[in-house]
1. Write out, first by first residue and then by second, each pair whose Cβ atoms fall under 9 Å of each other, whose residues are 6+ apart or on separate chains, and whose first residue, in the stretch 180-198, is closer than 11 Å to Gly209 by Cα and among the charged types (D, E, K, R) while the second is within 11 Å of the ligand (Cβ to nearest atom) and in a loop (DSSP other than H, G, I, E, B).
2. For the stretch 210-219, check the following and say yes or no: at least one residue is closer than 22 Å to Ala376 by Cα, at pLDDT 95 or above and open to solvent by 10 Å² or more (accessible area, probe 1.4 Å).
3. Give the stretch 122-160 a look and list any residue that's within 12 Å of the ligand (Cβ to nearest atom), open to solvent by less than 50 Å² (accessible area, probe 1.4 Å) and not in a strand (DSSP E or B), or say none.
4. Taking the residues in the stretch 89-119 that are basic (Lys, Arg) and either over 16 Å from the mean Cα position of the chain (by Cα) or more than 9 Å from the ligand (Cβ to nearest atom) (or both) as candidates, determine which candidate is modelled with the highest pLDDT.
5. For the stretch 161-185: of the residues being touching a Pro at 6+ places or on another chain (Cβ under 7 Å) and of a type outside the set (A, V, I, L, M), which is nearest to the ligand (Cβ to nearest atom)?
6. Select, from Arg88, Arg103, Arg108, the only residue that is open to solvent by 50 Å² or more (accessible area, probe 1.4 Å), within 24 Å of Glu37 (Cα to Cα) and assigned to a helix (DSSP H, G or I).
7. Report, ordered by the first and then the second residue, all pairs with beta carbons closer than 6 Å, sequence separation of six or more or different chains, a first member in the stretch 242-259 that is closer than 15 Å to Pro228 by Cβ, and a second member that is open to solvent by 20 Å² or more (accessible area, probe 1.4 Å) and of a type in the set (Gly, Ala, Ser).
Amino acid sequence: MATFQVHTSPPLRGEATIHTAKNSVLPILAAALLTNEPCSILATPKLTDVDMLCELMRSCGCQIDWDQETLNLRADDLCLPANDDPMRRMRASILIMGPLLARLGVARVTLPGGCAIGQRPIDLHIKGMQALGAAVSLRDGHIELSGRLHGAAVYLDMPSVGATENIMMAASLASGVSRIENAAKEPEIIDLAQCLNMMGARVSGAGSGTIIIQGVPRLRGVQYQPIPDRIEAGTLACATAIAGGNVLLRGARSEHLRALLFKLQESGVIVIEQREGLRVRGKAVQPITVRTMSYPGFPTDLQAPMMAVACYAPGTSVFTETVFENRYMHASELRRLGASIRVEDRVALIDGGAELHGSRVICSDLRAGAALIVAAVGARGDTYVEDPNGHIDRGYERIEESLTELGVPIKRLTAD
Ligand code: EPZ
């Protein structure tokens with residue numbers, strides 16, 4: 001789909017505006033299925049993951065139209081998805097399960113395929129729907145759910161972001177009170193709860209790990225602008241930590257990025273919280289220890305970009321990926337640039353400080369692709385980051401434009 005040509009970058013300068021968060025927009029899109037009234041999502045990023053979820057929601061009878069950066073939706077004639085294809089291509093499709101079940105009393109989803117970074121099971125999503133009263137059956141690769149939902153208490157064995165979101169949405173129209181224990185605490189969870197409450201839901205405790213939802217008979221339409229993308233901001237901060245310089249990430253919210261900011265500071269980078277956003281200065285010059293955890297721990301989605309930083313910081317950095325079982329595919333491609341990385345199961349040791357050199361590398365998944373572009377910023381000569389499956393455009397809106405604004409010599413070479 002695209003190849004990005006990246007040349008060694010001078011220190012980064014200027015500012016880039018952070019887009020609205022993919023991982024907030026996707027569940028909030030799904031939440032629009034909970035009402036038959038019009039909903040508008042403002043400043044929606046142009047991402048292929050958004051396009052894919054819109055395609056799936058249209059096949060559920062939801063009207064969706066773009067008006068510049070606003071997505072206008074109306075699900076007043078809802079049905080089960082007629083077209084499964086988007087569900088196979090995108091894990092986040094599972095987020096329509098709770099809303100369909102809550103609105104229609106039935107839902108049918110395909111088992112989302114595993115993806116490059118791991119199996120991505122949905123047992124906790126199913127456990128939540130069953131607790132709320134749904135009967136669940138597996139038929140020719142589809143999961144079929146049916147039932148009138150009632151309040152229930154659900155304990156999540158892992159603080160799953162998607163399962164927390166699905167249960168919150170389903171419970172918002174269930175009869176009675178629901179309680180999610182060991183719920184995910186990510187900022188995107190709080191954002192979804194805020195949007196649901198603006199629709200008339202009664203959700204409390206989002207972000208605390210225990211979420212209480214008092215079901216209501218129906219929800220209203222809403223006009224909502226989701227939070228800025230902390231992972232995009234973190235990715236650009238990592239590029240700065242490699243090339244050095246002084247940039248403003250306009251709109252970034254430092255309270256969503258504490259773990260990353262502490263790690264960047266430990267590596268020698270200066271980060272300054274400003275009213276307009278986050279200012280990042282200087283280079284990473286110290287090795288770091290990174291252990292990914294659910295929020296507020298170090299975000300797994302920034303593990304790959306941070307590993308690119310570690311390749312340039314003299315000394316041995318130690319990474320432990322505790323969230324996904326197979327999220328080091330970028331290591332082999334970083335080695336093509338000259339990085340010295342040893343991977344043993346969930347642990348990666350990076351011997352940083354040597355100069356990296358341009359090469360041809362391939363994206364295996366969204367964040368691995370971002371990490372390769374970030375690493376190329378410091379490599380000598382030209383690096384060609386090939387992205388035949390369009391991973392990068394799933395989660396970053398025109399990443400080459402944001403990096404160009406910061407002074408990075410990057411070009412998007414079209415597929416042909
Ligand atoms: C969300 O995925 C994000 N995606 C991911 O971002 C992110 O990496 C992940 O949360 C963790 O923060 C969206 O929000 C659209 P999980 P999700 O359920 O909800 C296990 C990106 O790059 N698990 O919190 O799918 C699972 O295997 C993407 O933007 C179960 O065992 O993640 C994993 O090990 C990648 N059973 C862990 O929990 C379940 O039923 C965390 O997964 C569900 C999950």
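The values are calculated or read from the model by the stated rules, or taken from the named source; none is laboratory data. Keep in mind it's a predicted model, so treat the numbers as computed, not measured. FYI the Cβ positions are ideal-geometry reconstructions off the backbone, even for glycines, and counts take in every protein chain you see. SASA here: full protein model, heavy atoms, side chains in, ligands and nucleic acids out. Shrake-Rupley method; radii C 1.70, N 1.55, O 1.52, S 1.80 Å.
1. Once the first residue is closer than 11 Å to Gly209 by Cα and among the charged types (D, E, K, R) and sits in the stretch 180-198, its partners that are within 11 Å of the ligand (Cβ to nearest atom) and in a loop (DSSP other than H, G, I, E, B) give Glu181/Leu156; Lys185/Pro159; Lys185/Ser294; Lys185/Tyr295; Glu186/Pro159; Glu186/Ser294; Glu186/Tyr295; Glu186/Pro299.
2. no
3. Hits for the stretch 122-160 are Ile122, Leu124, His125, Ile126, Gly128, Met129, Leu156, Pro159, Ser160.
4. Among them, the one singled out is Arg103.
5. Glu165
6. Arg103
7. none
Residue-by-condition table, conditions (1) more than 21 Å from Pro287 (Cβ to Cβ); (2) modelled with pLDDT of 95 or more:
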residue: Pro314; (1), (2): no, yes
residue: Thr320; (1), (2): no, yes
residue: Asn326; (1), (2): yes, no
residue: Leu337; (1), (2): no, yes
residue: Val347; (1), (2): no, yes
residue: Cys363; (1), (2): yes, yes
